[in-house]
Amino acid sequence: MCLGIPGEVIEILADRPDLARVDVSGVKRAINIGLLAEEGVEPGDWVLIHVGFALSKIDEAEAKAAMEFLEGIGKAYEDEIAALRESRII
């Protein structure tokens, strides 16, 4: 099962403006933000991430609610975080 997981944008990579470093439950990874180019993603924004791509911007309250739900479903969420820890983008 693949889930959409909220992450907070920490920085936009200077040499790759289509990539942003995000924090997802303490795991920091680069993700592709190209799909949101027209919306303008900035540090401090929250995004919904699926398979390494930011699919939409969300507000902090929505991110918190999504994280509480995901943490409540257990193994699927834990598997997704484990996969994120092991992923490499760049």
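Inside segment 34-49, residues that are crowded, with 19+ Cβ neighbours inside 10 Å and part of a loop (DSSP other than H, G, I, E, B) make up a count of 2. Within segment 1-19, the residues that satisfy the criterion of being within 14 Å of residue 84 (Cβ to Cβ) and not in a loop (DSSP other than H, G, I, E, B) are 5, 6, 7, 8.
Scan segment 17-33 for residues that are out of contact with any helix residue (DSSP H, G or I) (no Cβ under 7 Å at 6 or more places or on another chain) and either surrounded by 14 or more Cβ atoms within 10 Å (Cβ to Cβ) or under 29 Å from residue 72 (Cα atoms) (or both) and the total you get is 11.
For segment 50-90, filtered to residues that are among the aromatic types (Phe, Trp, Tyr) and more than 16 Å from residue 8 (Cα to Cα), the residue that is surrounded by the fewest Cβ atoms within 10 Å (Cβ to Cβ) is 69.
Throughout, read-outs are computed from the coordinates displayed, never taken from laboratory work. Here the structure is a predicted model, which means the values were calculated and not measured. Cβ atoms come from the backbone with ideal geometry, glycine included; neighbour counts cover every protein chain shown.
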